[in-house]
């Protein structure tokens with residue numbers, strides 16, 4: 001966990017608690033200090049009022065400490081099993097509505113404890129899958145308010161863009177796509193091009209737009225960003241759909257063969 005930059009996760013947790021989420025469970029792990037010392041702890045809790053962690057050291061004698069961010073290099077916190085289960089379920093197209101309360105509980109329990117950010121990204125994705133763009137946008141923007149780069153770089157950005165597209169926030173989305181492409185980060189650029197294709201397709205369901213989405217979006221990712229493996233499955237899937245629309249069956253089959261052959265475990269191959 002990067003101790004130099006706080007995110008808006010603590011704000012999200014406060015919001016969730018205010019709306020009736022359960023109190024956070026006790027989470028343990030290992031605190032690694034700046035000087036390399038490893039401190040096993042039975043309880044690690046973030047105290048926003050003190051801008052520090054309250055920790056209970058593991059051992060025969062119970063010792064409670066308040067550790068500030070400048071003393072900590074990282075936290076080693078085991079990944080919650082519930083998060084693994086929900087993550088796998090959403091990837092396979094599982095029940096998004098059922099995943100939402102589980103993810104809210106994880107965010108509460110793991111506030112500033114590494115896994116809250118992953119759970120927040122999945123929560124936004126679950127809201128999108130549940131056709132609730134406004135809640136997905138709100139969850140994303142709580143993080144973005146503290147770290148604006150999350151809006152156009154990193155794992156959260158594509159989820160946020162999908163929420164904006166679903167919510168018809170096209171002008172804002174277009175600005176972020178342009179910013180992502182200009183950022184110089186190839187993974188951000190690849191996902192931005194996929195989103196550009198999505199925007200073109202959503203604007204009008206015509207053959208001309210399918211061609212444009214291929215040219216300006218999906219095919220550019222397949223050909224020019226082949227090294228960005230995380231973006232390939234979605235680009236291949238959506239390129240195949242466009243080729244199907246255009247009646248170019250052999251090209252569509254080529255995309256699907258590559259998708260199922262090289263990315264068989266991806267959610268896009270499962271579709």
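The values are calculated or read from the model by the stated rules, or taken from the named source; none is laboratory data. What you are looking at is a predicted structure, and each value in this text was computed from that prediction instead of being measured. As a convention, Cβ positions derive from the backbone with ideal geometry for all residues, glycine included, and neighbour counts pool all protein chains shown.
Look at the stretch 76-96: where a residue is closer than 21 Å to residue 41 by Cα, no partner that is at pLDDT below 90 sits 6+ places away or on another chain with Cβ atoms under 6 Å. Scanning the stretch 225-243 for residues that are assigned to a helix (DSSP H, G or I) and within 24 Å of the chain's Cα centre (by Cα) returns 232, 233, 234, 235, 236, 237, 238, 239.
Cβ-Cβ contacts under 7 Å between residues 6 or more apart (or on different chains), taken from a first residue in the stretch 244-271 that is at negative phi and part of a helix (DSSP H, G or I) to a second residue that is loosely packed, with under 13 Cβ neighbours inside 10 Å and modelled with pLDDT of 95 or more, are listed as 245/207.
Taking the criterion of being touching a helix residue (DSSP H, G or I) at 6+ places or on another chain (Cβ under 7 Å) and either closer than 18 Å to residue 187 by Cβ or surrounded by fewer than 18 Cβ atoms within 10 Å (Cβ to Cβ) (or both), the residues of the stretch 259-271 that qualify are 260, 263, 266, 267, 268, 269, 271. Residue count for the stretch 202-211 satisfying the condition of being surrounded by 14 or more Cβ atoms within 10 Å (Cβ to Cβ) and closer than 20 Å to residue 254 by Cβ: 2. Scanning the stretch 135-157 for residues that are at pLDDT 95 or above, under 16 Å from residue 90 (Cβ atoms) and either in contact with a strand residue (DSSP E or B) (Cβ under 9 Å, 6 or more places away or on another chain) or crowded, with 20+ Cβ neighbours inside 10 Å (or both) yields one hit, 136.
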